[in-house]
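The values are calculated or read from the model by the stated rules, or taken from the named source; none is laboratory data. Note that this is a predicted model, so its numbers are computed, not measured. Please note: Cβ atoms are built from the backbone with ideal geometry, for glycine as well, and neighbour counts cover all protein chains shown. Side chains are part of the model used for accessible areas, which takes the heavy atoms of the whole protein and leaves out ligands, DNA and RNA. Shrake-Rupley method; radii C 1.70, N 1.55, O 1.52, S 1.80 Å.
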Amino acid sequence: ELVLDPDQSYAAPDVIVAWSGAGLTPLSQAWHEHARTIIPLQGPRPVTMNTWEAVYFDHDLDRLCRLADVAADVGVERFVLDDGWFGSRRNDRAGLGDWWVSPDVWPEGLGPLVDHVLGKGMQFGLWVEPEMVNPDSDLFRRHPDWALTTPGYEPVLGRHQLVLDFGRAEVRDHLVGAISALLADHQISYLKWDMNRDIVQGSSGGRAGVHRHVLGLYDVLDRIRADHPGLEIESCASGGGRTDLGILSRTSRIWTSDSNDALERQQIQRGFSMLLPPEVMGAHIGPARAHTTGRRQSLRFRAATALFGHLGVEWDLLDATEEERRGVTAAIALHKRLRPLLHSGDVVRSDHPDPAALVHGVLALDR
C-alpha cells in the first residue's frame, strides 16, 4: 500500500519509486496469470542461439555450421539465423520484401544449414520482417503503391525502409504466400518476426490506415499459424517495440530490447516483468563487451541477468575461450534445472533502500 501525506509535496520520481517494487507485486502476478491464459506457448521455452551479434550480415555456411556445433555443445536447443539470408540483403538498405533465399549467399539454399542444425538436435529458426519493404527491392519496384505513404508528401524512410499496407488484401495474400513457401521448403520451427520502424505516414486509400494495418497483421499471423500449427513466432519489433496482449495472443516471445548490455537490461527487464511473465521475456547472454554500449561485464553477471527470462545466447562463441564456454554451459544447465519454476511461478520483488540493488525472485505457486 502506498500512503502519501496530503500536506507533503512529492516529486514524480518519489512516487514512481514507491510504486515500483513490492507494492505492485500482487497486481503484477494477476497480470501474469491472465497473460499466461492467452499466450500460445508450446512446452518448455527452448534455450536459443541467435546469430545477429555473432555474424551480422556476414553469412558463411562453414562458419555458421561451426557456430551451431558450439551452440549444441553448450546446451542450446534452438538456432536462429538472423537478417541477411534473402534477396539482395547484404546490408540494411536493400532487399526487404524479397522473401526468397539469396543464391549469391546461399548457392545451395538454406537446406545444408537447416540439416546441420537439426542433426545437432536443435530446432531451426529464421528472421523475417514481412511488414517492411526497402525501396531498393524487387517487391517495391513492382508494387510501389503497396507502401503506407501519404499522397502529396515525400515518403518518410526509417532505417531505409517503408511499411507495407497490411490493410490491403493483396498485400496480405502475397506475404502469406511468401512466408508459407519458406516454411514448406524448410523445417522451420520458429520465426523471429521483426518490425524495425514506426509508422509515421499511415494513409491507405485516402483514409487512416494504421488500425486496418494492425488488423491485417493479425490476419496474416493467424493464417500462417493455422497452416503451420507447430510454428512459434517471436515479436521482435526492434526490441520491445510491440508488446501487448493482442500480439501476444499470436506470438510466444518478446525480444525485450536491442540493448543487450546486462546492466541496462536489469532495469529494462524489471519494467517488462511488471506486466508480462518471464517465459516470454527474451534475455540473452552476450559477449564480454556489450555491442550497444561498449561496457565490459563479467560472465557471471551477464548470465545471472539472462537467467530469469527466456534464456538465449547472442555471442560468437567461436571466439570465446574454453573457460567462457564452460561458464555458458553451466549457466544454461542451471537455467534448464530452474526453468520449470522460473516459467510458472509468481514473480516477487522487494524494495531496497540502496537504489543500486534490485531484489527479485520467483516463488512456486504452492509456495
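What number of residues within region 222-239 are touching a helix residue (DSSP H, G or I) at 6+ places or on another chain (Cβ under 7 Å) and surrounded by 16 or more Cβ atoms within 10 Å (Cβ to Cβ)?
From region 222-239, those touching a helix residue (DSSP H, G or I) at 6+ places or on another chain (Cβ under 7 Å) are 223-224, 227-228, 231, 233, 235; that's our starting set.
Subsequent filtering for residues that are surrounded by 16 or more Cβ atoms within 10 Å (Cβ to Cβ) retains 223-224, 228, 231, 233, 235.
The number of residues fulfilling the criteria is 6.
Collect the residues in region 71-90 that are outside any loop (DSSP other than H, G, I, E, B) and surrounded by 19 or more Cβ atoms within 10 Å (Cβ to Cβ), keeping them in residue-number order.
Ala71, Val74, Arg78, Phe79, Val80, Leu81, Phe86
Can you tell which of Arg289, Arg302 is basic (Lys, Arg) and either open to solvent by less than 20 Å² (accessible area, probe 1.4 Å) or in contact (Cβ under 8 Å) with a residue 40 or more places away in the chain (or both)?
Answer to the check: Arg302.
The rows are residues; the columns are (1) more than 19 Å from Ile179 (Cα to Cα); (2) open to solvent by 40 Å² or more (accessible area, probe 1.4 Å).
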site: Asp98; (1), (2): no, no
site: His116; (1), (2): yes, yes
site: Met132; (1), (2): no, no
site: Phe140; (1), (2): no, yes
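Checking Glu154 against (1) modelled with pLDDT of 95 or more; (2) open to solvent by 20 Å² or more (accessible area, probe 1.4 Å); (3) of a type in the set (Asp, Glu), which single condition isn't satisfied?
Against the list (1) modelled with pLDDT of 95 or more; (2) open to solvent by 20 Å² or more (accessible area, probe 1.4 Å); (3) of a type in the set (Asp, Glu), Glu154 comes up short only on (1).
Could you grab the pairs with beta carbons closer than 6 Å, sequence gap of 6+ or different chains, first residue in region 344-367 and open to solvent by 60 Å² or more (accessible area, probe 1.4 Å), second one aliphatic (A, V, I, L, M)?
Asp351/Ala22; His352/Val359; Leu363/Val348
Please work out if Trp127 is farther than 16 Å from His228 by Cβ, surrounded by 16 or more Cβ atoms within 10 Å (Cβ to Cβ), aromatic (Phe, Trp, Tyr) and in contact with a His (Cβ under 8 Å, 6 or more places away or on another chain).
Against the criterion (farther than 16 Å from His228 by Cβ, surrounded by 16 or more Cβ atoms within 10 Å (Cβ to Cβ), aromatic (Phe, Trp, Tyr) and in contact with a His (Cβ under 8 Å, 6 or more places away or on another chain)), Trp127 does not qualify.
Let me confirm something: among Val214, Val200, Val163, which residue is aliphatic (A, V, I, L, M) and open to solvent by less than 20 Å² (accessible area, probe 1.4 Å)? Break it down stepwise before answering.
Numbers: Val214 fails: open to solvent by less than 20 Å² (accessible area, probe 1.4 Å); Val200 fails: open to solvent by less than 20 Å² (accessible area, probe 1.4 Å).
Just a single option satisfies the conditions, and that option is Val163.
Does any residue in region 154-179 that is in contact (Cβ under 8 Å) with a residue 40 or more places away in the chain and closer than 15 Å to Ser204 by Cα come within less than 6 Å, Cβ to Cβ, of a residue that is open to solvent by 60 Å² or more (accessible area, probe 1.4 Å) and among the polar types (S, T, N, Q) six or more places away or on a different chain, and which pairs are these?
Taking only residues 6 or more apart or on different chains, not a single pair turns up.
Can you give me the ranges of the helices (runs of 4 or more DSSP H) entirely in region 212-275 with at least 2 residues that are touching a Phe, Trp or Tyr at 6+ places or on another chain (Cβ under 6 Å)?
On the way: elements: 237-240, 245-248, 262-275.
By residue number, 262-275.
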